[in-house]
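Following: one structure in structure tokens, then a few remarks.
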Amino acid sequence: MTPTRPVLNVEPRAERGPAVSWEETPCPLCGTDAGAPVLEAPDPLPADGTGLVFAVVRCPRCDLTYTNPRPDADDIGRFYPADYRPHRRPAKMRESRAPRTFWARLFGRPCAERRGVLPWPGPGRLLDFGCGGGSFLKIMADQGWAVTGLDAAVGAVDHIRTQHGLAALVGTLPHPELSPGSFDVVTMWHSLEHVHQPLAILRAAYELLVPGGKLVVATPNIASLPYRLFGRSWFGLDLPRHLTHFTPPTLATMLQTAGFRTEPVRLIRHSDWLRSSAKLARRRASGGFLARALTWKPAAKAVAWLCYAAGAADCMMCVAQRPR
């Protein structure tokens with residue numbers, strides 16, 4: 001079944017600027033054309049509910065879920081507002097602490113685990129793909145790492161250079177200013193789901209790593225309990241900016257297809273996502289009592305732990321290695 005094109009539920013496009021260029025894509029992992037419809041959901045960023053509606057499909061061959069049709073690479077930037085949260089300048093930089101292993105295992109690893117904790121035996125050379133406002137780069141630089149940021153947002157890169165004095169590049173992978181074998185670690189904190197060709201990005205990251213180098217990838221988990229609870233209002237969808245919607249098996253498979261040796265995918269609890277999903281559901285007059293309850297921070301934290309304990313948290317991380 002061919003998915004429908006995005007629905008325009010606002011005034012005619014001619015009154016809102018040039019038309020968006022759309023593309024239909026085969027599966028980003030295996031290339032199969034016939035994606036089966038999963039859901040349709042609107043862009044959540046327009047607070048008045050006037051966002052376009054986008055289709056999400058699942059590949060019948062490899063089970064990867066992805067947005068299709070989608071804005072093409074030239075026009076996807078039009079769906080990123082100037083104040084898009086990951087590109088904002090951090091209000092205050094805080095020192096990081098490594099999580100205590102016992103409690104991390106018991107209560108789930110918070111997304112802040114990424115701050116200062118990397119699978120490498122000491123400071124090395126780090127590339128942060130999709131570096132956003134640069135908070136992670138600053139933390140790692142303060143710990144002695146030689147850091148480079150890479151992001152498509154010109155303003156975010158300029159901020160990193162001028163305010164933090166750190167190396168940062170505009171663009172994507174492969175990048176002409178980055179040489180093969182020039183990094184010990186590459187990180188992708190919630191950036192892989194944003195790109196049009198994720199497998200090509202991972203293969204380019206593979207080439208940038210030294211033999212034995214590590215890649216760390218964190219993405220939303222569409223096989224999660226919060227997704228099943230909230231569906232089209234799940235915060236992790238973020239259509240159309242999220243183009244690929246991973247599960248633990250499909251994330252591992254894509255990394256392995258790119259040549260990496262993967263460690264087991266680890267789940268991460270993220271109570272703020274639950275609260276954001278609940279608020280979005282309430283804004284759309286759905287979710288009922290559960291949505292009302294989960295806007296309360298203690299309830300969201302408790303349910304986030306339960307999702308983690310059940311093996312169904314809505315955020316995940318995988319460490320992969322380029323073989324020696």
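The values are calculated or read from the model by the stated rules, or taken from the named source; none is laboratory data. A quick note: this is a predicted structure, and the numbers were derived from the prediction, not measured. Cβ: placed from backbone, ideal geometry, glycine included. Neighbour counts: every protein chain shown.
Quick notes on this one:
- Restricted to helices (runs of 4 or more DSSP H) entirely inside region 266-324, those with at least 2 residues that are surrounded by fewer than 21 Cβ atoms within 10 Å (Cβ to Cβ) and either in contact with a Pro (Cβ under 7 Å, 6 or more places away or on another chain) or of a type in the set (A, V, I, L, M, F, W, C) (or both) are 288-294, 297-309.
- Scan of region 193-229 for residues that are without any contact (Cβ under 8 Å) to a residue 60 or more places away in the chain and not basic (Lys, Arg), ordered by number: Glu193, Val195, Ala200, Leu202, Ala204, Glu207
- Positions within region 32-48 being part of a loop (DSSP other than H, G, I, E, B), more than 19 Å from the chain's Cα centre (by Cα) and closer than 23 Å to Arg228 by Cβ, in sequence order: Gly35
- When each of Arg61, Arg78, Arg105 is tested for being modelled with pLDDT of 50 or more and not in a loop (DSSP other than H, G, I, E, B), the lone residue that passes is Arg78.
- Unmet requirement for His190, which otherwise passes all of (1) over 28 Å from Asn68 (Cα atoms); (2) in contact with a Cys (Cβ under 9 Å, 6 or more places away or on another chain): (1)
- On inspection, Leu39 fails the criterion of being closer than 23 Å to Leu267 by Cα, modelled with pLDDT of 95 or more and not assigned by TED's automatic domain parsing to the domain that holds His194.
- Any hit, region 277-286, residues being of a type outside the set (A, V, I, L, M) and under 29 Å from Gly134 (Cβ atoms): yes
- When region 231-265 is limited to residues that are part of a helix (DSSP H, G or I) and of a type in the set (A, V, I, L, M, F, W, C), the one that is farthest from Arg58 (Cα to Cα) turns out to be Leu255.
- Leading residue by the ranking (nearest to Leu251 (Cα to Cα)) among those in region 30-53 that are of a type in the set (Gly, Ala, Ser) and surrounded by fewer than 16 Cβ atoms within 10 Å (Cβ to Cβ): Gly31
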